[in-house]
Amino acid sequence: MFKSLMKKNNLTLFYNSLINLPTPSNINIMWNFGSLLGLMLMIQIMTGFFLTMHFCANTTMAFESIIHISRDTNNGWMLRVAHANGASFFFLFIYAHIGRGIYFNSWHLNKTWLSGILILFLLMATAFLGYVLPWGQMSFWGATVITNLLSAIPYLGETLVLWIWGGFSIDNPTLSRFFAIHFILPFILILMIIFHLVFLHETGSSNPLGMNMNLDKIPFFPYFIVKDLLGYLIFFILLIYILLWYPYLLNDPDNFIPANPLNTPLHIQPEWYFLFAYSILRAIPNKLGGVMALISSIIALSLFLLFSNSKIKGMQFYPLTQHMFWLWVNIVIMLTWVGMKPVENPYIQIGQTLTIIYFCILFTFIPSQKYWDKNFN
């Protein structure tokens, strides 16, 4: 009887938390990205699981195993390009999700915002490790550059690099460790996302007005389930189009060459979704300063929590911060563009200027809203 009662309570909790969740009636399509990110995580886990059945985490066989998956395995090419392009869609959606959170001041939900930042860090680590696994030229040299950044840490840096490599250079132990960690991190991501959703359900969703919508909420089902399903349909059409017509559009050409430690590419660069952070990294001449700037570019998002108890609403009510927000978005796009260019003038100066503007705008978002709220409202 106790077990049946527990099952009944669990079903009731599930129904109330997901199906019958009171949701603000005015949320728009920008709130679709959360559910799309959940869908993307499931796609990445499923495609990755099947890829692991044929992948060999060995420096002499990793590149050949990718070719084997693409050419000899039934529908292996589809799994491979779906997993590779799925990472790009994942970051596209999470950047849109974060941008919506900043614009509509979702950072007022402290726990949800902080857990979201941790999820972003975990996702970036997972994507980086996955990019190394095909063991192409850009994978190998990208891993070399990023792992060497740890040597900038005072006292422990050199030891930490050797520990991660599992030797005195990037070799079999490195690839095996990256593969193992890449496999386990998505399950940690699931745990963090569960916490993220629990925190969200404690406070309820934000909305475009940035106001308390307790008097105007409707059930999540069927109204927003239908909206999410429409978002899924549009996404699947776009994904299938990319997979069938332009499957390697976002891949680096150098990664179709087996890794060669004796031949350094002319221009080492990460995937497009890391280029803005890479530009910030190389804008600082000092290695330790560059690493700190790289980490700060993400941690700076947590500064919004300092103003989480203020009465500021969404940016749509503050023309000054609206302009600043869209300027910041354009700065991120330009940093992405600079990251594609060689480390030479004038791209070095452009990257340094954009880096300064990037942090200045982040540090002045909230004060500018407070100024506008005090003097014009």
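Annotations
- Residues of the stretch 258-307 classified as hydroxyl-bearing (Ser, Thr, Tyr), over 14 Å from the mean Cα position of the chain (by Cα) and in a helix (DSSP H, G or I), total: 4
- Of the residues making up the stretch 100-120, just one is open to solvent by 30 Å² or more (accessible area, probe 1.4 Å) and within 14 Å of Phe33 (Cβ to Cβ), namely Tyr103.
- Where Tyr155 falls short, out of the listed (1) in a helix (DSSP H, G or I); (2) surrounded by fewer than 22 Cβ atoms within 10 Å (Cβ to Cβ): (1)
- Meets criteria (surrounded by fewer than 13 Cβ atoms within 10 Å (Cβ to Cβ) and either charged (D, E, K, R) or in a helix (DSSP H, G or I) (or both)) for Leu191: yes
- The condition of being touching a Gly at 6+ places or on another chain (Cβ under 7 Å), open to solvent by 20 Å² or more (accessible area, probe 1.4 Å) and either over 23 Å from Asp254 (Cα atoms) or outside any helix (DSSP H, G or I) (or both) holds for only one of His182, His196, that being His196.
- Set side by side, the residues Leu243, Leu233, Leu306 differ, and just one is touching a residue at least 24 places away in the same chain (Cβ under 8 Å) and open to solvent by 90 Å² or more (accessible area, probe 1.4 Å), which is Leu306.
- Screening Ser169 with (1) modelled with pLDDT of 90 or more; (2) within 27 Å of Ala87 (Cβ to Cβ) gives one miss only, at (1).
- Of the residues making up the stretch 214-234, none is at pLDDT 85 or above and within 26 Å of Leu129 (Cα to Cα).
- Subset of the stretch 35-56 [closer than 27 Å to Trp165 by Cα, among the aliphatic types (A, V, I, L, M), open to solvent by 30 Å² or more (accessible area, probe 1.4 Å) and without any contact (Cβ under 8 Å) to a residue 60 or more places away in the chain]: Met53
- Selected residue (criterion: farthest from the chain's Cα centre (by Cα)) from residues of the stretch 121-134 that are open to solvent by less than 20 Å² (accessible area, probe 1.4 Å) and hydrophobic (A, V, I, L, M, F, W, C): Leu133
- When the stretch 199-217 is filtered for residues that are open to solvent by 50 Å² or more (accessible area, probe 1.4 Å) and either outside any helix (DSSP H, G or I) or acidic (Asp, Glu) (or both), the ones remaining, listed by number, are Glu202, Leu209, Met211, Asn212, Asn214, Leu215, Asp216, Lys217.
- Across the stretch 249-273, the number of residues qualifying as open to solvent by 90 Å² or more (accessible area, probe 1.4 Å) and either modelled with pLDDT of 95 or more or closer than 25 Å to Leu335 by Cα (or both) comes to 3.
- Subset tally (residues that are open to solvent by less than 40 Å² (accessible area, probe 1.4 Å) and not aliphatic (A, V, I, L, M)) for the stretch 57-82: 6
The values are calculated or read from the model by the stated rules, or taken from the named source; none is laboratory data. These figures come from a predicted structure and were not determined experimentally. Heads up, the Cβs are rebuilt from the backbone with ideal geometry, glycines too, and the neighbour counts pull from every protein chain shown. We work out accessible area using only protein heavy atoms, side chains counted, and drop any ligands, DNA or RNA first. Shrake-Rupley method; radii C 1.70, N 1.55, O 1.52, S 1.80 Å.
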